[in-house]
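Notes for the one structure printed next.
The values are calculated or read from the model by the stated rules, or taken from the named source; none is laboratory data. Owing to the predicted nature of the structure, the values given are computational and were not obtained by experimental measurement. FYI the Cβ positions are ideal-geometry reconstructions off the backbone, even for glycines, and counts take in every protein chain you see. Only protein heavy atoms, including side chains, enter the accessible area calculation; ligands, DNA and RNA are left aside. Shrake-Rupley method; radii C 1.70, N 1.55, O 1.52, S 1.80 Å.
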Amino acid sequence: MSIRDKFAITVGKSAYWFLHTFRNGGSSFPGQLVERIAPNALAALGKDYDTIIITGTNGKTLTTALTVKALRQKYDQVLTNPTGSNMFQGIMTVFMANSRRKGEKGLAVLEVDEANVAHVAEQLHPKMFVLTNIFRDQMDRYGEIYTTYEKILAGVKLCPEATIVANGDAPIFNSKDLPNPKVYYGFNLPDEGDTRADVNTDGVLCPVCDHILHYHFNTYANLGNYFCPNCGFHRPALKYTVNSVATLLPTRSTFDLDGHQASINIGGLYNIYNTLAAYTVAREFGVTGDQVVQALSGDETVFGRQEVINVDGKKVTIILVKNPVGLNQVLTMIHNDPQPYSLAVLLNSNYADGIDTSWIWDGRFEDLDYAAMPAVIAGGHRYKDIALRLKVAGVADDHLQTAENVTDAIPLIQQIPNDRIYILATYTAMLELRKALADKNYVSQQLVNH
């Protein structure tokens, strides 16, 4: 470690201590200081760790949390970024904030923003890349899905010996010939014949001949057992699979996970994919299948992802939404809830959310029965946009309440006549809501200032 690196890390640790002692925390600023002084300090911080990078459009945070939980069945020292601070500076701060026992190799499981993969990989030289999925998301930042994949590949190509663990049901992850060892996971469901994805689906063109891909079964979006009837391109062989789904409720899913009966206390088909990804990583690192299933079977609270908060006796479930595919999966999940619920949608358009909010029009809001909901709330900086979208979906004018900012939604939530509400929120709206709830002592401050 160079003198400059040591000095930069000392400054960063001091800043971290000050912020978390006197200013209620902060994850990016210490890392920014270090990077300004010593741009390559992350390499020094991470040199005694085997690193796993988890990236993709949806599911990074939960996949990372589940992976850490599974790996801790075998490894004592697992460093991670649990609140989703996945940019380069935030990852730098994670290493500074955690100490490793001397003489032992540490394991770092890091959620990494797609556009930051190359920068992080260049310094940490990961042993494994975990690729969850790639969907249209934040067009102002990433562009189309193929542009996003190229950002990820820029990092993967720096580490040709790293193992790629990829969602085999996503055609894009089978579209490039890479020298890396590859492990694919996916769903192994009964053959439904020759089907196609919905017409409004990205990423269904064959990467070999540009013909429209067909499916033996299609789980959602462009995922499934795909094949090209024109040139023969098809899904790769899967090493780890989900073989059936027995229960799929908003608060619980049970399924056959590679021959094990698994249960997670969180809803959504997409979260079964996240569980399968975590299972795959843990198995590749030597954790037994029984150990993984046992580790993942308990309650899992993840920052802003189906997190349940008690607000004056009301069960408030906060769910992050940020793109059409994720939104539609969430809408499908809550549509299947047999119990009465209310709905709030909080829409911001800051940089971290994506400035372009047109994606809300691709969400299938029409699938919900608004007449059965005691209350519907539209809020956030772009409350007028989401209010209009909900009205078009069928919410009556006199049934819709609006909040010009996120904090204004809290009194409306407190007044809702029933005791269950789903809050769909973009990233900064979720942060604002959690901070406001923390200020009112509904959640811990330390979980907000990350």
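At R0 = 22 Å, how high is the FRET efficiency between residue 210 and residue 256 if r is their beta carbon distance? Nearest 0.05 is fine. Step by step, r from the Cβ atoms, then E = 0.05. Computed over the chain with a Gaussian network model linking Cα atoms closer than 10 Å, the most mobile of 356, 198, 169 is 198. Label-to-label distance for residue 290 and residue 263 is 1.8 nm, based on points extended 7 Å past Cα in the beta-carbon direction. Indicate the gyration tensor shape class of the range 41-137 (rounded, prolate or oblate), computed on the Cα atoms with a ≥ b ≥ c the square roots of the eigenvalues: a/c under 1.5 is rounded; otherwise a/b larger than b/c is prolate and the rest oblate. Oblate. Using C-alpha pairs below 8 Å separated by at least 6 residues, the relative contact order for the range 305-438 is 36 percent. Charged neighbours of residue 185, selected by a Cβ distance under 12 Å, balance to +1 (K, R count +1; D, E count -1).
Just for the chain, what percent of DSSP beta bridges are antiparallel, to the closest 5? So the antiparallel bridges in the chain amount to around 40 percent. Calculated accessible area for the range 173-251 comes out at 50 Å² per residue, all protein chains present (probe 1.4 Å; ligands, DNA, RNA ignored). Comparing 263, 175, 85 in a Gaussian network model of the chain, where Cα atoms under 10 Å apart are tied by springs, the biggest mean-square fluctuation is seen for 175. Cysteines of the chain lacking any other cysteine Cβ under 4.7 Å from their own Cβ: 159.
Cα gyration tensor of the range 300-404, axes a ≥ b ≥ c as square roots of the eigenvalues: rounded (a/c below 1.5), prolate (a/b > b/c) or oblate? It comes out rounded by the Cα gyration axes.
Report note on the peptides 234-244, 319-329: ranked by the mean count of other C-beta atoms within 10 Å, highest first, their order is 319-329, 234-244. Treating r as the C-beta distance of residue 404 and residue 28 and R0 as 22 Å, the FRET efficiency rounds to 0.20.
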